[in-house]
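Worksheet: one structure, shown below.
What follows draws every value from the coordinates through simple rules; no lab data is involved. The model shown is predicted, which means the values in this text are computed figures rather than measured ones. All Cβ positions, glycine included, derive from the backbone under ideal geometry; neighbour counts span all protein chains shown.
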Amino acid sequence: MTEDLTAAPYEQGSQWYDGEAGPLVRPYAMTGGRTTPGPTGVRFDLIALVTLDPGAPRFDDDTALGPEHRALADLCRVETQSVAELAADADLPVGVVRVLLGDLLELGWVTVSRPVPPAHLPDERILREVIEGLRAL
């Protein structure tokens with residue numbers, strides 16, 4: 001069976017439509033060809049926590065941002081999420097999510113915080129001693 005390459009871009013059977021996925025958009029189209037998250041200097045590790053800024057307005061009338069930006073913001077509106085969770089929930093590659101989060105960060109829509117590095121966490125031995133001490137009370 002041959003595919004009709006002259007069909008309209010979003011017709012079923014065209015090369016730009018997948019029956020299960022719907023219209024296909026390449027990652028570089030979502031990011032405008034960018035592969036790094038802008039000049040913010042923030043590194044979006046997989047475990048970096050992203051929170052929607054409480055003062056950020058809704059996206060109802062802002063046309064400068066694409067639907068992927070809005071999807072990420074809506075996911076963050078519900079609760080703070082890691083970059084990995086956002087990528088999974090939005091069904092987008094992590095590289096794309098990092099670029100889009102860079103855009104949202106530059107616009108002041110989101111804040112990014114890093115979890116406590118493992119080196120700064122208390123030693124497990126100390127925590128066990130505290131638990132044992134509490135049990136002894």
With θ set to phi - 60° and the Karplus curve 6.51 cos²θ - 1.76 cosθ + 1.60, what are the ³J(HN,Hα) couplings of the stretch 67-74 in order, to the nearest whole Hz, using x for Gly and Pro? x, 5, 4, 5, 5, 5, 5, 5
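Can you figure out the FRET efficiency of VAL94 with ASP53, using R₀ = 35 Å and their beta-carbon distance, to the nearest 0.05? Write down the numbers at each step before the final one.
Values: r = 22 Å, r/R0 = 0.63.
Efficiency for this residue pair is about 0.95.
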Can you order the peptides 122-134, 73-85, 96-108 by their average number of other Cβ atoms within 10 Å per residue, highest first? 96-108, 73-85, 122-134
In nm, the gap between the two label points placed 7 Å beyond Cα toward Cβ at ARG128 and ARG77 is 4.7
